[in-house]
Amino acid sequence: MSASALFSLGTRAMTASYAALQTTGNNIANASTRGYSRQQVALETAGGQFSGNGFFGSGVNVTTVSRSHNEFLTREVALTRSLAEADGSRLSQLQLLEQVFGTGAAGLGYLSGELLNAFADVASRPGDTAARQVVLARAQDVASAFQAAGDQIERLQTGVAQDLRTSIATVNALAQTVADLNRQIAAAKASGHEPNDLLDQRDSAVAEISGYLQVTTLEADDGSLSLFIGGGQNLVLGSIASKLAPVTDPFDPARVRLGMSNGGGPVRALPDGLVSAGSIAGLLRFQDVDLRDARNAIGQLAAAVGGAINAQQHLGLDLSTATGRPGADLFVIGAPRVLNASTNAGTASISLVTSDAGQLLASEYELRFDGANYTLNRLGSSDAAQTFSPAALAAGVDVDGMTLRLASGTASAGDRFLLQPVAAAASGMARALDDPRGIAAASPVTATLAGANTGTLSIASLQVRATMAAPDNVVVRFDEDASTGEPTYQISTDGGSSFGAAQALVAGEAITLTDSGGKVLWEMSIAGTPAVGDEIHVDPTLLPGANNGNALAMVAQRDAAVVGGETITDAWAGALAEIGVRVQSAQGAAELSASVASEAEARNTAASGVNLDEEAARLIQYQQSYQAAAQMLQVAQAVFDSLLQATNA
């Protein structure tokens, strides 16, 4: 072997060792760089050179610098991060929503109960202005609390919409970054080597996108990476990035949907549920399900409480005149609303009014016209759809405590309407009554026992069930059936001049007075045993300032099923329990998905990250290798010098 061959071996060895030292130094420098993958030098033997004495090695060649990368672990990190961000973003919003549902003395259920309790003082002192003023103060507390809760929910909606817009803009910027990197990577790979730093940057950008939206990836032969979101929608295709866009909900302008534009074309809204992971998916789920349900739950309570109190006010007499007038509304309640889809082509106008506030559900409904009939679906439930003909809808349809009517115009096939019977009830709630004399504490009728009664008859209660413009002078006379001896009663509506047919007096059943249409005007429960000829007189109330019948009926609302078949306290407790369960469930899911994502990140880091201990050991190894190569060159130099000296001798 000649001295030149020894020089070549030493030079190649020194070059390889220097390349390894440089790469190791780069690893150490980027040990804390997020997204950096450990790099290593790939070496190959230079091949042997034949001589008469066999093949002698020619040293080593540096083929390339590669990075430690595991495609499976990279995809696992992206997927688990998407799930963790979806759960985390929803949890943070739910925790804000939970604050709307105050507990204890700040709770809407407690404040509503305090209002009804205030009527107990009015019942004790019907003519006391101070007691009536307390009722107005408690009514203001209730209205303010409901309005504040509704406003907080709308602020949450505004915040979610802004977060969605910001997230969409960020995803667009990252998608353009991936497209630009695809172009650079494809050009760099033409040299035959991997552009490691560019690949790391692209992986980091894809991982960051995964925090907002779950993406699937597909690598092309030129090294470019295409990204797709739910349903195969291309977000990045080679060096071209599509644009996501916030789209206004077709019904409610306050809500935001996710849209996409390909190649500069029109923005089209993506179907609901298409995006299942990432923080954007979490925000959309919170907006479309959790926030909607919370708004409707509080709205249902506001509509039911306000409606029940207003209805009871109408049944009593106030102190605005000496003889009193039927009570006016104590509350203004946000009206039901109908939102037309922006895509509607017809002229149909749908009206929605509350027919029974106590039967309203905490739900929204979608009404759709198929060209022949209307179909009503209660959103978020498994209830069967209801179908109405245009004629039936024009006449009015009663559903779940609301009356739905085709007010005017005609619909086109495919037209849709969003019905919100209670969504605006809380935010639109206010106290309507300012004058304490307007509290309708008196019953419009007063029941008294006839002075000539001989039995043990007494009046247990008298409940007015319908408004009476001019109550009759009613006499209830008790008798017994001549053949059976069972007690009976007759009712006179003209002060005792004439009586109706005898009716059986059944223990535990109320005595009722109905109008000509069969509507119950009042119900009276009695105690004791009436004697034959005993009478009860039910006359118009002459002194409303001394009567507490309607105030007692107000107090009774505390234990009445006024909110969808539940008491106010039970309904509020149910709403609190529902939001509490959602927060706990979301917290458990967020903790689990965050743990899974952390483990996936740790596995990926172990496979591709920089270990400083390992790099320090390699640094010593390559340093010694470099020094050995340098020593080889020194030997070659000494041999060469010896040859020159021998030649010159």
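The values are calculated or read from the model by the stated rules, or taken from the named source; none is laboratory data. These figures come from a predicted structure and were not determined experimentally. Cβ atoms come from the backbone with ideal geometry, glycine included; neighbour counts cover every protein chain shown. Calculation scope for accessible area: heavy atoms of the full protein, side chains included, ligands and nucleic acids excluded. Shrake-Rupley method; radii C 1.70, N 1.55, O 1.52, S 1.80 Å.
When you scan the stretch 185-212, how many residues do you find that are under 16 Å from Gly35 (Cβ atoms), part of a helix (DSSP H, G or I) and open to solvent by 40 Å² or more (accessible area, probe 1.4 Å)?
4
If a residue has to be farther than 30 Å from Arg437 by Cα and either polar (S, T, N, Q) or within 56 Å of the chain's Cα centre (by Cα) (or both) to count, how many in the stretch 518-546 make the cut?
Here the count works out to 5.
Determine which member of the set Asp515, Asp494 is more than 49 Å from the chain's Cα centre (by Cα), among the acidic types (Asp, Glu), modelled with pLDDT under 95 and open to solvent by 30 Å² or more (accessible area, probe 1.4 Å).
Going through Asp515, Asp494 in turn, just one is more than 49 Å from the chain's Cα centre (by Cα), among the acidic types (Asp, Glu), modelled with pLDDT under 95 and open to solvent by 30 Å² or more (accessible area, probe 1.4 Å): Asp494.
Would the stretch 137-154 turn up any residue that is surrounded by fewer than 19 Cβ atoms within 10 Å (Cβ to Cβ), not in a helix (DSSP H, G or I) and not small (Gly, Ala, Ser)?
No.
Within the stretch 65-104, which residues are touching a residue at least 40 places away in the same chain (Cβ under 8 Å), within 16 Å of Gln152 (Cα to Cα) and small (Gly, Ala, Ser)?
Gly102
A quick yes/no check of all residues on (1) in contact (Cβ under 8 Å) with a residue 12 or more places away in the chain; (2) open to solvent by 50 Å² or more (accessible area, probe 1.4 Å); (3) assigned to a helix (DSSP H, G or I):
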{"site": "Gln584", "(1), (2), (3)": "no, yes, yes"}
{"site": "Glu591", "(1), (2), (3)": "no, yes, yes"}
{"site": "Ser595", "(1), (2), (3)": "no, yes, yes"}
{"site": "Ser598", "(1), (2), (3)": "no, yes, yes"}
{"site": "Ala602", "(1), (2), (3)": "no, yes, yes"}
{"site": "Ala607", "(1), (2), (3)": "yes, no, yes"}
{"site": "Val610", "(1), (2), (3)": "yes, no, no"}
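Of the numbered conditions (1) open to solvent by 50 Å² or more (accessible area, probe 1.4 Å); (2) in contact (Cβ under 8 Å) with a residue 60 or more places away in the chain, Leu283 fails exactly one; give the number of that condition.
Of (1) open to solvent by 50 Å² or more (accessible area, probe 1.4 Å); (2) in contact (Cβ under 8 Å) with a residue 60 or more places away in the chain, only one is false for Leu283: (1).
Evaluate the stretch 366-374: report whether one residue or more is closer than 27 Å to Ala148 by Cα and over 22 Å from the mean Cα position of the chain (by Cα).
No, that holds for no residue.
Check Ala424, Ala450, Ala460 and return the single one that is open to solvent by 40 Å² or more (accessible area, probe 1.4 Å) and touching a residue at least 60 places away in the same chain (Cβ under 8 Å).
After ruling out the rest, the residue left standing is Ala460.
Among the residues of the stretch 249-278, write down those that are aliphatic (A, V, I, L, M) and open to solvent by 50 Å² or more (accessible area, probe 1.4 Å).
Selection gives Val267, Ala269.
Within the bounds of the stretch 406-415, is there any residue that is small (Gly, Ala, Ser) and open to solvent by less than 30 Å² (accessible area, probe 1.4 Å)?
There is at least one residue in the stretch 406-415 that is small (Gly, Ala, Ser) and open to solvent by less than 30 Å² (accessible area, probe 1.4 Å).
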